[in-house]
1. Quick check on packing: order 114-124, 205-215, 172-182 by the mean number of other C-beta atoms within 10 Å, highest mean leading.
2. Quickly work out the Asp331-to-Leu296 label distance, labels modelled 7 Å from Cα along the C-beta direction, and quote it in nm with one decimal.
3. Past the 19 Å Cα-Cα mark, which pairs from Lys3/Lys248; Lys126/Lys148; Lys126/Lys204?
4. Kindly put Leu376, Leu83, Leu38, Leu296 in sequence by how many other C-beta atoms sit within 10 Å of each C-beta, fewest to most.
5. Fewest Cβ neighbours within 10 Å first, please rank Tyr189, Tyr235, Tyr284 accordingly.
6. Could you estimate the translational diffusion coefficient of the chain from the Stokes-Einstein equation, with Rh from the Kirkwood formula over C-alpha pairs, at 10 °C and 1.306 mPa s, in whole µm²/s?
7. Give Lys138/Lys242; Lys50/Lys104; Lys50/Lys290 a once-over and call out the pairs whose C-alpha atoms are over 28 Å from each other.
8. Any idea how many Lys pairs in the range 320-373 come in under 20 angstrom at the alpha carbon, given 8 or more places apart or on separate chains?
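Each value in this text was obtained by applying a stated rule to the coordinates, not by laboratory testing. Bear in mind the structure is a predicted one, so any value in this text is a computation, not a measurement. Positions of Cβ are backbone-derived with ideal geometry, glycine not excepted, and every protein chain shown enters the neighbour counts.
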Amino acid sequence: MIKAAYLHIPFCEHICHYCDFNKVFLKGQPVDDYLLGLEREMEITLRQYKTNELETIFVGGGTPTSLNEQQLFRFCESINNHLPKSSNVEFTFEANPGDLSKEKLQILRDAGVNRLSLGVQTFNEKLLEKIGRVHRAKDVYRSVENAKLAGFENISIDLIFSLPTQTINDFKESLIEAFSLDITHYSAYSLIIEPKTVFYNLLKKGKLPTPGEDIEAAMYEMLMEEMEKHGFHQYEISNFSKPGYESKHNLTYWNNEEYYGFGAGAHSYLNGTRRSNVGPLKKYIDHITKGELPVLEEHQVTMAEQMEEEMFLGLRKTAGISISHFIDKFDRDPLKIFKHQLEDLAIKQWIVITDDHIYLTKKGRLLGNEVFQVFLGVCDV
């Protein structure tokens, strides 16, 4: 049952130094043609698949709130016209604190959007400049206050740690500021230097002074401690929430469930097939104009791959993997299929295995990527 949809808005008014998502500068782009293409992609796709009422809709980017008010209204209207929603749908929009006006907030609220995810990254003004962000800390406080006044109760912010020249104290100060916002959810990620970014080019030239692995690990440990101290439950490696405010949409991914992906460069998982859309806007619009889906690649996921994915995606969650659910889903016992891998991880004290669950220890969370790699390409069922 498909219960989630992701929609991609690739436009940004400024490109951040660390970002490798599919995005373009807003100025001079065929925004209206793109929005029409998105609408048509929804129409074509939903004709092909039996669609239940969606439980989560997530609009990401790029910067969805870089759309002007008329475009934002039209886009929200097309979502509501084409995507069937359950009565308790989680409807999320990503937003940039610098361009989230009261008028745009009202458009979102009127359209049924009930969750905001703000790209804050840090409250340190010098670091914001260094990473290419154009908003400032005051914009975050104003945006959160305006969002609350508009009726938003479910607000999340993203933070990044292990930024160039960032100290442990810098990160702690950002956490203090973040907690002062009195919101319901935080996502915090360590900086990953991706190819084709400004930071990648600086790193290759030896001009990117990163804190290093030890400081990064210390920041992550402090993050977990501070979140717990402030009443936020860590339900996934990088995500923390007040009870009942976990991201249902992201849990779709970690539960290895299927979802729609609409827009240039978007990914979907439908009927056992993982699919990616073409990224360049012109190619995307050309496909749609011809009445065809803008598919770049398709991969039919084998049973072995599904089981491996179930393990390394599920272990991202603090609750881990339910053994009984795995058996119900695949008619196989993960304790037998991955016997050697699980035994080795348990000896290293990176995982705990109980009667019905396999989950990461605190030490395992610090070494998550090493744990996940263990499950790749090992299943021969």
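1. Packing order, densest peptide first, comes out as 114-124, 172-182, 205-215.
2. 3.6
3. Numbers: Lys3/Lys248 10 Å; Lys126/Lys148 28 Å; Lys126/Lys204 23 Å.
From Lys3/Lys248; Lys126/Lys148; Lys126/Lys204, over 19 Å: Lys126/Lys148; Lys126/Lys204.
4. Least to most surrounded, the residues fall as Leu376, Leu296, Leu83, Leu38.
5. Details: Tyr189 15, Tyr235 20, Tyr284 26.
The fewest-first ordering by Cβ neighbours comes to Tyr189, Tyr235, Tyr284.
6. On the way: Rh = 22.0 Å.
It diffuses with D of about 72 µm²/s by this estimate.
7. Pairs exceeding the cut-off: Lys50/Lys104.
8. Details: Lys329/Lys339; Lys336/Lys348; Lys339/Lys348; Lys348/Lys362; Lys348/Lys363.
The number of close lysine pairs in the range 320-373 is 5.
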